[in-house]
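To start, the structure itself, in structure tokens.
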Amino acid sequence: MTFRTRFAPSPTGPLHLGHAYSALLAYDMALAQGGEFLLRIEDIDRSRARPEWEQQIYDDLEWLGLWWPEPVIRQSHRLGDYARALETSKLADYLYPCTCSRADIKSAISAPQEGVPQFGPDGQIYPGICRPSHEFSTKWNWDQHDTLRLNIAAIEIAPHRNGPEAQLMSFKETGRSPKGETGDITFALEQIIREAGDIVLRRKDMGTSYHLSVVLDDAAQGISHVVRGQDLFEATKIHVLLQRLLGLPTPVYHHHKLIRDGAGKRLAKRDDARALFKYRAEGYTSDDIRRIVGLPV
Ligand code: GLU
């Protein structure tokens, strides 16, 4: 299999030093293995994606000295593929429509239990208000505008086998988790139930979700190594579960350190102090950026 990495930014704001680190690392890893580096534009959130941010992504990455094959896949062009995959795979057996607003969810969890996590990789953990009590999917009753959630507690990963080990999943980590784990990472479905809850796989406004589209795209593009920040380590477990249910291969994952500001805070798009275009305007070079983020020149 070709060693293939990708950089998959969302055009919802300026790229910053953290993005530069991620893109350069993925690029260097691909080059070192004689492989390929792909760029993918994750623009399913139509309310936040802007063409000017997308153009800036191309300009920033070219300035960093990266090269990628054309055409670049844009997720907004693949909505039909996501919808088909959701409705025709085994995933469909575990989906249910959800009509809750944020306020409904908030008021349902107004009395948190001690020791039970409230937030997961998708934000507030869904308290199960719309979760059906019966076993079977009502997929033929979905409305095309429904928000669909995954009934995680109902999932059987290996229905033909019994025992807790049948509900275990794993992936290979060549970087490190935020806790320093590396190598073979094994986790139980039970952990996702507790720490992520019933994630949304199709959002009403976008017809898909981050988790679903990223998993389908990585498989469609033959990505062998996913290079991403440690902030996505818990999301990766959801992705591995989705790969199992969709019958897709699990790539190797490389979770890398996060670039932080002087106060130790992770860089965010909304604070554009470390935005790449500013460095570019001030005459910094790609090598300067490599030095700043701690990559070899
Ligand atoms: N598009 C996502 C972002 O910009 C992450 C891509 C990934 O799954 O690695 O944060």
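The values are calculated or read from the model by the stated rules, or taken from the named source; none is laboratory data. Being a predicted model, the structure only gives us computed values, none of them experimental. Positions of Cβ are generated from backbone atoms using ideal geometry, with glycine treated the same way; all protein chains shown enter the neighbour counts. In case anyone asks, the SASA skips ligands and DNA or RNA and just uses the protein heavy atoms, side chains included. Shrake-Rupley method; radii C 1.70, N 1.55, O 1.52, S 1.80 Å.
Below are the figures for this structure:
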{"item": "Odd one out for residue 144, checked against (1) within 16 Å of the ligand (Cβ to nearest atom); (2) surrounded by fewer than 16 Cβ atoms within 10 Å (Cβ to Cβ)", "result": "(1)"}
{"item": "Residue within region 73-96 that is under 26 Å from residue 257 (Cα atoms), more than 14 Å from the ligand (Cβ to nearest atom) and not aromatic (Phe, Trp, Tyr) present", "result": "no"}
{"item": "Residues satisfying the stated conditions in region 39-61, i.e. open to solvent by less than 60 Å² (accessible area, probe 1.4 Å) and aromatic (Phe, Trp, Tyr)", "result": "58"}
{"item": "So residue 203, is it surrounded by 18 or more Cβ atoms within 10 Å (Cβ to Cβ) and either closer than 21 Å to residue 120 by Cα or more than 16 Å from the ligand (Cβ to nearest atom) (or both)", "result": "no"}
{"item": "Failed condition for residue 197, given (1) on the phi < 0 side of the Ramachandran plot; (2) more than 15 Å from the chain's Cα centre (by Cα); (3) surrounded by 15 or more Cβ atoms within 10 Å (Cβ to Cβ)", "result": "(1)"}
{"item": "Qualifying residues in region 238-269 (those that are basic (Lys, Arg) and more than 13 Å from the ligand (Cβ to nearest atom)) - the one surrounded by the fewest Cβ atoms within 10 Å (Cβ to Cβ)", "result": "265"}
{"item": "Conditions (1) open to solvent by 20 Å² or more (accessible area, probe 1.4 Å); (2) in contact with a Leu (Cβ under 8 Å, 6 or more places away or on another chain); number of the one not met by residue 70", "result": "(2)"}
{"item": "Residue match in region 17-38 (condition: farther than 26 Å from residue 287 by Cβ and either under 19 Å from the mean Cα position of the chain (by Cα) or open to solvent by 10 Å² or more (accessible area, probe 1.4 Å) (or both))", "result": "no"}
{"item": "Selection count, region 177-198, where residues are within 16 Å of the ligand (Cβ to nearest atom) and modelled with pLDDT of 95 or more", "result": "2"}
{"item": "Candidate set: region 1-15, residues that are part of a strand (DSSP E or B) and farther than 15 Å from residue 295 by Cβ; chosen: the one least open to solvent (accessible area, probe 1.4 Å)", "result": "6"}
